[in-house]
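Take a look at the structure below.
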Amino acid sequence: MGTLAALDHRIAGCRACPRLVDWREEVARTRRAAFATQTYWGRPVPGFGPPDARLLIVGLAPAAHGANRTGRMFTGDRSGDVLYQALYDVGLASRPTAVAVDDGLTLHGVRVTSPVHCAPPANKPTPEERTTCRPWLVREVGLLRPTLRAVVVLGAFGWQATWPALAATGRSVPRPRPAFAHGAHVSLPLPDGAGAAHPLDVYGCFHVSQRNTFTGRLTPAMLREVLRTAALTAGLPVTDPDDPADTVQDDRRR
């Protein structure tokens with residue numbers, strides 16, 4: 001099956017969706033005025049995080065002037081600011097910000113990916129593009145199988161993409177498929193012939209989009225709660241920033 005590093009390399013070279021290829025490269029050529037002197041990544045953005053992650057976070061797609069610019073998931077945009085701050089707060093990230101691939105950020109037992117790896121126009125990939133990109137998510141989940149214990153899905157688009165990917169890796173998924181909701185939780189049993197695999201818990205969370213965070217539909221406390229619950233289920237040590245007495249694992253955030 002190969003390695004995650006090899007998979008990331010293959011993802012970065014994908015040109016399967018003409019609309020997305022045209023858009024990501026056009027954005028990289030024209031650039032936003034604030035980043036006019038920077039060289040954009042302008043290619044599919046692979047997942048980010050260790051190959052032995054116990055927790056997988058599934059988003060939507062790279063932002064045109066965020067990950068499409070920096071080349072790393074949720075890096076260089078306001079959605080990423082919210083996500084990585086929350087991961088830092090619960091002890092799953094080494095720093096609270098993500099600005100560039102060389103900023104020193106590391107994740108602790110967590111990997112971040114998306115069901116569509118190219119920046120889409122208006123931040124809206126089509127269902128057909130999601131289907132075309134699905135084999136990458138299937139392979140990524142398959143490579144994480146020996147250690148993966150929990151998945152947090154950000155938003156309904158990612159939720160719809162995750163279930164077919166899990167089924168394709170041998171997981172028995174509910175029928176009908178569970179409806180998306182913030183705080184949704186579905187436990188999947190250990191599949192037959194699992195080998196080194198583990199039972200899997202899937203959690204729903206509103207996406208960290210500006211529309212959700214600016215309106216208060218998703219608050220930092222709500223996001224931290226989902227991440228902390230999923231991390232505990234995955235067996236990861238976490239902190240509780242809402243509990244002043246909890247100072248355990250502060251060394252992980254240095």
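The values are calculated or read from the model by the stated rules, or taken from the named source; none is laboratory data. Source: prediction; values computed, not measured. Methodologically, a virtual Cβ is constructed for each residue, glycine included, from the backbone with ideal geometry; neighbour enumeration extends over all protein chains shown. The area values use the complete protein model at the heavy-atom level, side chains included, leaving out ligands, DNA and RNA. Shrake-Rupley method; radii C 1.70, N 1.55, O 1.52, S 1.80 Å.
Some points to look at:
- Charge tally in the Cβ shell below 13 Å around Ala28, where Lys, Arg are +1 and Asp, Glu are -1, Ala28 excluded: +3
- Sites Val99 and Phe214 - FRET efficiency at Förster radius 22 Å, r taken between beta-carbons, to 0.05: 0.60
- Taking Trp136, Trp163 and ordering them by how much accessible surface each has at a 1.4 Å probe, largest first, produces Trp136, Trp163.
- Distant-in-sequence amide H partners of Leu188 (H built 1.01 Å from N, under 5 Å): Leu200, Asp201, Val202
- Fully extending the segment from Phe35 to Ala168 would add 43.9 nm, taking 0.36 nm per residue of separation and subtracting the current Cα-Cα distance.
- Using a probe of 1.4 Å on the protein chains alone, the accessible area found for His207 is around 30 Å².
- Under 5 Å between amide hydrogens, built in the peptide plane, is the criterion, and for Val112 it picks out Phe48, Gly49, Ile57 among residues at least 5 positions away or on other chains.
- Convex hull volume per residue for the chain, taking Cα atoms only, in Å³: 124 Å³
- Using the Karplus relation 6.51 cos²θ - 1.76 cosθ + 1.60 with θ = phi - 60°, the per-residue 3J(HN,Hα) values for the stretch 9-21 come to 5, 5, 4, 5, x, 6, 9, 6, 10, x, 4, 6, 4 Hz, with x marking Gly and Pro.
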